[in-house]
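*Asks:* First, the structure itself, so that you have it in front of you.
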Amino acid sequence: MTEQSTAAAPTAVVDENIHIGIEHECKWALREEQTEDPGAFADAVLFGDLLTPMAAPRDYLQSSLYLDDAEGSFARAGHSLSIVVNSGAPGGTCVIVFKQAVHRRGWRDGLELRQKVPYRGVGARISDPGTVPIAYARTLRLLTGDLRAAGVAVQRRYKCFGRTADGTEVVCNLDYVDFGDPAAPRDSSRHYRCLEIEVNSPFPTALADLDRLAGRLDERLGVARDRTSKSQLARAVDHGGSIGG
């Protein structure tokens, strides 16, 4: 009888500071008056007949510093690399986020890599090969030079959670964004308001639900979907441009 050896299964290494996920997202730019009361807007537009609420909404502030090269290679490709600080986050921490986007359908398909890091010394993490989102972003070979600040966004986010009649879970974000230096005087070109709906499942049934929900919102909101990313808007303002809508 021949004795067969069985190789041990590899041990999974779990780092709770790193998150790798997917998202399928549609977005619409909104008028200022539509975001004055985000809770009322969500109840009237989303939960009246389209979605069933799943959990209590969250309402918080979020600051993002976008990184790119001098040519804006990430922004031009629709990707984004940012350092994010949420209000209420554990003291001394921030999150480095890379989003790789593909537009092939009626929504944005994205790979998202997030890594929580200490806020102190975050600059050194940009060149640290152990910083997963940045290391992965560099593998795309889009950069033509060193990373640098490419725009700032400070937003109020109203996040709510719903379920379609067929059981697909949907995350909805109402965002009120100010682009540019938070300490600088504001003007109308720096404001941006939007509704985002997001599904995190790749299954065909979930994506069909997303397509149906987005179609209903196209009709209800009366505007075309906005394919411009926040990193693109932030870079436009940083370079003296304005935001339409």
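Bear in mind these aren't lab numbers, they're just calculated from the coordinates by the rules spelled out. A quick note: this is a predicted structure, and the numbers were derived from the prediction, not measured. A quick note on method: Cβ atoms are made from the backbone with ideal geometry, for glycine too, and the neighbour counts reach across all protein chains shown.
*Asks:* With n ≥ 4 as the cut-off for DSSP H runs, can you work out [θ] at 222 nm for the chain, using -39500 (n - 2.57) per run divided by the number of residues, rounded to the nearest 500?
*Replies:* Helix-only estimate at 222 nm: -6000 deg cm²/dmol.
*Asks:* Further question on the same structure: Sorting 148, 156, 108 on the 10 Å Cβ count, fewest up front, what's the list?
*Replies:* 148, 156, 108
*Asks:* Another question, if that's okay. Could you work out the percent of alpha carbon pairs in the chain separated by over 29 Å, rounded to a whole number? Display every interim value, and only then the final one.
*Replies:* Values: 10044 of 29890 pairs.
Considering the chain, 34 percent of its Cα-Cα pairs are separated by more than 29 Å.
*Asks:* A follow-up question, please. Pick out which of 118, 38, 53 has the largest mean-square fluctuation in a Gaussian network model of the chain, springs linking Cα atoms closer than 10 Å.
*Replies:* Most flexible of the set in this elastic network: 118.
*Asks:* Then there's this: Excluding residue 127 itself, calculate the net charge of residues whose Cβ lies under 13 Å from the Cβ of residue 127, where each Lys or Arg counts +1 and each Asp or Glu counts -1.
*Replies:* Values: positive: 125, 138, 148; negative: 128, 146.
Neighbour charge sum, excluding residue 127 itself: +1.
*Asks:* Tell me the net charge near residue 110. Cut-off is 10 Å between Cβ atoms, residue 110 excluded, with +1 for each Lys or Arg and -1 for each Asp or Glu.
*Replies:* Values: positive: 99, 108; negative: 23, 25, 109, 112, 198.
Surrounding charge for residue 110 is -3.
*Asks:* Relative contact order for the chain: what percent, with Cα pairs under 8 Å and sequence separation of 6 or more? Write out the running numbers ahead of the final one.
*Replies:* Details: 464 pairs, mean separation 67.4, N = 245.
With pairs under 8 Å counted, the relative contact order is 27 percent.
*Asks:* Also: What residue among 49, 68, 218 has the largest mean-square fluctuation in a Gaussian network model of the chain, using Cα springs under 10 Å?
*Replies:* Among 49, 68, 218, the largest mean-square fluctuation in the Gaussian network model of the chain belongs to 49.
*Asks:* Among the lysines, which have Cα under 19 Å from the Cα of residue 230 when same-chain residues fewer than 8 positions away are ignored?
*Replies:* The qualifying lysines are 27, 99, 159.
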